[in-house]
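Visitor: Structure below; questions to follow.
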Amino acid sequence: MNTPLARTLVVALIAIGLGGPSGATPHTPSDDQTVVATLPGTTAARRQARQLARQVHALGTSPAALPAALQLARAAIDRFRRDGDPREIGVARAALAPWWSQAAPPPAVRLLRASILQTQHDFGPALTDLDALIATPQAPLPLQAQAELIRLALLQAQGRLEDARQGCERLGSARYATLGDSVRLPAAVCAAELASLMGDENRGARELAALATRLTPQSDPGTAAWLALVRGELAERRGDPAALGLFEQALQLAPEAYTRAALADWLLDRQRHAEVLRLSDTALEDLPDSLLLRRAIALKRLGDPRAAAAADLLGQRLDATRERGDTTHRREQARYLLELRGQPQAALPLALANWAVQKEPADARLLLDCANAAGQPQAAQDVLRHLRVYHQRDARLTAALPPGAPPTLIR
Amino acid sequence: MTHRLVSWLLALAALSMGTAALAHKPSDAYLTLEVQDTQVEQRLDIHLRDLDRELVLDHDDDGRLQWAEVRTRWEELQRYTAERVRLSVAGQPCSAVATGEPQLDEHTDGAYAVLRSRWTCPAGAQALAIDYRLFADTDASHRGLLRLRHGTGTPQTAVLVPGSAPPASVSLVATAGEAPSGFGGFVAEGIHHILIGTDHVLFLLALLLPAVLVTGAASRRDAAPQWRPMLTEVLKIVTAFTVAHSVTLALAVLDIVDPPSRWVESLIAVSVVFTAVDNLRPMLAPQHRWRLTLVFGLVHGFGFAGALKDLGLGGGSLAASLLGFNLGVELGQLSLVALFLPLAWWARGTRFYQRGVLLGGSSAVALLALAWVVERAFDVPLPGA
């Protein structure tokens, strides 16, 4: 047998051997001590969650079940914020099942329902619930204030900044004055942030910094973390390196998946890939998609051999999500195609569809990047219009904007 | 995670503010059903985290689920799922027995318990009703991803919403009708498959292109002077291809060897590239080409098997389907040779054949097949494909 033939044979046999059965196969761990899964949260938190669930289950659909059901749903949403595991949203929704389909459920249920709908990008029904809650005279004032705040976040996500500004004004009005600082502070934060998103970054930054001196993390870690995050995002838009410290502060006060992703993006923009890896140093299976995406990008840019596995896993997850008919993943999907697969043509329609639903600075950037990479900068026209309407500036967009863009858009 | 989460007011218990999009996968379970007459083999993969939430598998509550903690509760897991996934036909419940060892499988978001059972259903089923209520009252976003195979037909898929009424129903009639019927049907499918299978056709043509030429002085190729040695060589090549692919076709269809289709398809493309390149820059002596054909023919056989399996083996006997399909492939192949050879023999002396067809054609084939290799091996969609 001559050499090329022998070589061919070897290649053929190796290739067949390598493939093995496609995908994983069921197996039985040989050692009883093998850790086959890790459960999120502390032992105490898991115990409490179980106890609540038992309680809710025992009470069934009776009205007496309401307080426990609310508590269960809130705890699940909390875990979702921390770990980014969407099954918690399903748990929250199931806890509210007896009231879920009611036209006008109890105000506390309605508020949670709006929150859950929002996480599923059902913005219309969520807004309906929130508006109705705010308009219900019998609803407790704190619930209404919370509804205002959720409504603001939702409008902001949709890019309806002027509507958000008006809502923010209402939150700071005499209507909620009796609630004291617990409302005055968030109202001041949203006013300053919206100012910064509507052309007045200096005022926004100044006011947020002043608020930070008034707010001690000890008294209210939640609001302090939020404030640090808002300041960090503003610093990032301004190209101010203080963003790093602010993101880290926010993360320290409230270890949330969103903040971790924001920090990872800041690091990726500065080619600090190794730090992204440290930030996402968990078993890949346990990473939320947002962090898996950033980790895969960092690995790819480092030329790390583990990059392919991370990208493939993310791809499979996105496929699985799509199989369920879920469209809330377009932002991740577009970025996955753009940055990990080098397919800007495929990414662009997704970035456009995402932009139709949400118009935050990150969405603007994604669409601009996809449009430019696909060689169709005109596809991002609406981003330019949006930025122009709100006099919005963003240091990250400077490179992505077309040469003809009005100077107000470019720092 | 899409949106920033905003803090809540002090006066309230914690509430999510953000429109955070889904981050990990939401909870899915994978339900695979294999229907054979009145028997249904079920495999249900459930995430350990979901099972722990319901049944508290983490006995020592340390947040680390050890295999012993899962294994020792296996019967309970089987009971739990048996109560929540039920099959019936025409209102008549099927009955289940748990089967299989305690096993795990890895999906994209961690380890899943693999629970198997065997159902026996009343005969004559037109449709299978699947009453799926896993986590119906504890996780409203849980879904069951169903994959059902009936016989060896193309699998049907569906997304099962827990507790939906009426239960999901899957027809068992449609897929059965698609399988070719009878020996003749399989012969026709075999012919059809080789004639529409561009990769098999190009492989064969690339092999046969130089057969009507001989290598003369200074590696120049000239028209073959005699038809007898030419025919012998063609016969050797065709026989090698037939023998090789028949062997692997049978091995794969009988489930003795089952290589992953991605590799098979990629290697088929590689075989075309290799053969075409060999036409351009001969690496093998012509008299050894049949050996190359033998090796690559093995790979093509797995490809034929994939096609035959996709068709479904129908109700008839396995041997008859296999034989019929293979016969069809040979007939298709012979007609191709019968069509090509006289033409090539006739044109062999021309510059058009020696340059245009052999070199130009082989280059084009090599490029096209190279694109297939990339597409198939690396799962890269080709532009316009």
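Visitor: Report, as an integer, the average count of C-beta atoms from other chains found within 10 Å of each Cβ along A:88-99.
Guide: If you average over the peptide's residues, the count of other-chain Cβ atoms is 5.
Visitor: Any cysteines in the protein assembly as shown with zero other Cys Cβ atoms under 4.7 Å from their Cβ? List them, or say none.
Guide: A:Cys370
Visitor: Dipole of region B:175-305 (Lys/Arg Cβ +1, Asp/Glu Cβ -1, origin at the Cα centre): which of B:Gly185, B:Ala224, B:Phe274 lies farthest to the positive side?
Guide: B:Ala224
Visitor: Here's another thing I want to ask about it. Rounded, prolate or oblate: which fits chain A when a ≥ b ≥ c are the square roots of the eigenvalues of the alpha-carbon gyration tensor, with rounded for a/c under 1.5 and prolate only if a/b beats b/c?
Guide: Oblate, because a/c is 1.5 or more while a/b does not exceed b/c.
Visitor: In addition: Give the angle, between 0 and 90 degrees and rounded to the nearest 10, that separates the Cα long axis of helix A:257-269 from the longest principal axis of the Cα atoms of chain A.
Guide: For A:257-269 against chain A, the angle is about 60 degrees.
Visitor: Helix-only mean residue ellipticity at 222 nm, chain A, DSSP H runs n ≥ 4 weighted -39,500 (n - 2.57), per residue, nearest 500. What is it?
Guide: After summing the helix terms and dividing by residue count, I get -21000 deg cm²/dmol.
Visitor: If you don't mind, another one. Computed FRET efficiency, Cβ-Cβ of B:Leu367 and A:Thr282, R0 45 Å: what is it to the nearest 0.05?
Guide: 0.55
Visitor: Testing the spin-label approximation: label points 7 Å from Cα along Cα→Cβ at A:Thr128 and B:Asp62. State their distance in nm.
Guide: Modelled inter-label distance: 5.1 nm.
Visitor: With charges set only on the Cβ (+1 for Lys and Arg, -1 for Asp and Glu), what does the dipole of the protein assembly as shown come to about its Cα centre, in debye to the nearest 20?
Guide: 1740
Visitor: Through the Karplus equation 6.51 cos²θ - 1.76 cosθ + 1.60, θ set to phi - 60°, convert the phi angles of region A:126-138 into ³J(HN,Hα) values in whole Hz; use x for Gly and Pro.
Guide: 5, 5, 4, 4, 5, 4, 5, 5, 5, 8, 8, x, 7
Visitor: Something else about it: Just checking the output field for A:112-123: average partner chain Cβ neighbours within 10 Å of each residue's Cβ?
Guide: Rounded to a whole number, the mean comes out at 4.
Visitor: Among A:Ala195, A:Leu130, A:Leu314, which residue has its Cα positioned farthest towards the positive end of the charge dipole of chain A, with +1 placed on the Cβ of Lys and Arg, -1 on the Cβ of Asp and Glu, and the dipole taken about the Cα centre?
Guide: Checking the options against the dipole of chain A, the answer is A:Ala195.
Visitor: Let me ask something else about it. Please give, to one decimal in nm, the separation of the simple spin-label points placed at B:Val97 and B:Leu339, each 7 Å out from Cα toward the Cβ.
Guide: 5.4
Visitor: Then there is this: Taking 0.36 nm per residue of separation and subtracting the Cα-Cα distance, what length does fully extending B:Ala285 through B:Ser169 add?
Guide: Taking B:Ala285 through B:Ser169 to full extension adds about 35.7 nm, to one decimal.
Visitor: Highest mean first, how do A:242-248, B:141-147, B:155-161, B:281-287 rank when packing is the count of other Cβ atoms within 10 Å averaged over residues?
Guide: B:141-147, A:242-248, B:155-161, B:281-287
Visitor: What are the residues whose amide H is under 5 Å from the amide H of B:Cys94, where those residues sit 5 or more places off or on another chain and H is modelled from the backbone?
Guide: B:Leu87, B:Ser88, B:Val89
Visitor: Can you work out ³J(HN,Hα) from phi for every residue in region A:85-91, in order, using Karplus 6.51 cos²θ - 1.76 cosθ + 1.60 and θ = phi - 60°, giving whole Hz and x for Gly and Pro?
Guide: 8, x, 5, 5, 5, x, 5
Visitor: Next question, about the same structure. Which value in nm describes the separation of the simple spin-label points at A:Arg324 and B:Ala320, placed 7 Å from the Cα toward the beta carbon?
Guide: Distance between label points: 4.6 nm.
Visitor: Is the shape of region A:177-270 rounded, prolate or oblate, going by the alpha carbon gyration tensor and its root eigenvalues a ≥ b ≥ c, with a/c under 1.5 for rounded and a/b larger than b/c for prolate?
Guide: Oblate shape, in that a/c is at least 1.5 and b/c is the bigger or equal ratio.
Visitor: Between A:Arg272 and A:Gln218, what is 0.36 nm times their sequence separation minus the Cα-Cα distance? Round to one decimal in nm.
Guide: Here the answer is 16.3 nm.
Visitor: Would you kindly derive the ³J(HN,Hα) couplings of region B:70-75 from the backbone phi angles with the Karplus curve 6.51 cos²θ - 1.76 cosθ + 1.60 (θ = phi - 60°), listing them in order in whole Hz, with x for Gly and Pro?
Guide: 8, 4, 6, 9, 4, 4
Visitor: Cβ neighbours within 10 Å, averaged per peptide: list B:224-231, B:119-126, B:362-369 in order, most packed at the top.
Guide: B:362-369, B:119-126, B:224-231
Readers should treat all values here as calculations from the given coordinates under stated rules, not as data from a laboratory. Everything numeric in this text was worked out from a predicted model, so none of it was measured. Please note: Cβ atoms are built from the backbone with ideal geometry, for glycine as well, and neighbour counts cover all protein chains shown.
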